[in-house]
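Have a look at the structure below, then the notes.
The values are calculated or read from the model by the stated rules, or taken from the named source; none is laboratory data. From a predicted model like this one, the values you see are computed outputs, not experimental measurements. A quick note on method: Cβ atoms are made from the backbone with ideal geometry, for glycine too, and the neighbour counts reach across all protein chains shown.
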Amino acid sequence: MKIKKGDTVKILYGKDTGKQGVVSAVKNGKVIVEGLNMCKKHVKGDGREKKSAIIDIAKPMDVSKVMLVCPNCSKPTRVGIRRENGKVERICKKCGKVIEIITKEEKKEEKKEEKKEEKKEEKKEVEKTVKSKSKSKTKKE
């Protein structure tokens, strides 16, 4: 994918059209931009520990709805890729300057980090299901 975490992007479509923000996460062709595409979520409290609240959450949007802002010329631009001597360069299509140079080692590190995050999410889901099953068993007895 040509847009990565930490890139500055401009929103092309939607309620936040024309605004710029920093990408906080990229996953499955979707992008989460800090402070943009916000949605309110109503959380119900249990009356003891948790309190009811309305939370602002940044919702993911499709990658096609955002455009990278070049750090050199500070214009929204398309991203080109140039491969030379085992290095991959991200290039601004407007000014022609290099945005970022990526080596194979960096790609491996990024994949490892993504796998770690996925494992953590899976563990949380498993813990939730185990807790809910154990609670239902104690109530039946």
Exercise. Would you say Gly6 is under 21 Å from Ile102 (Cβ atoms) and assigned to a loop (DSSP other than H, G, I, E, B)?
Worked result: yes
Problem set entry | segment 1-55, subset polar (S, T, N, Q) and in contact (Cβ under 8 Å) with a residue 24 or more places away in the chain, residue farthest from Ile81 (Cα to Cα) | Asn37
Exercise. If we keep just the residues of segment 38-54 that are in contact with a strand residue (DSSP E or B) (Cβ under 6 Å, 6 or more places away or on another chain) and surrounded by 10 or more Cβ atoms within 10 Å (Cβ to Cβ), which is nearest to Val23 (Cα to Cα)?
Worked result: Met38
Exercise. Taking segment 91-106 on its own, how many of its residues are modelled with pLDDT under 80 and part of a loop (DSSP other than H, G, I, E, B)?
Worked result: 1
For this session: With respect to Gly14, determine if the residue is under 12 Å from the mean Cα position of the chain (by Cα) and at positive phi.
Result: no
Exercise. Looking at segment 38-73, which of its residues are under 22 Å from the mean Cα position of the chain (by Cα) and either assigned to a loop (DSSP other than H, G, I, E, B) or of a type in the set (Gly, Ala, Ser) (or both)?
Worked result: Ala58, Lys59, Pro60, Ser64, Cys70, Pro71
Exercise. Among the residues of segment 26-37, is there at least one that is in a strand (DSSP E or B), exposed (fewer than 14 other Cβ atoms within 10 Å of the Cβ) and of a type outside the set (Val, Ile, Thr)?
Worked result: yes
For this session: Restrict the check to segment 79-90 and report whether at least one residue is assigned to a loop (DSSP other than H, G, I, E, B) and either in contact with a strand residue (DSSP E or B) (Cβ under 7 Å, 6 or more places away or on another chain) or modelled with pLDDT of 85 or more (or both).
Result: no
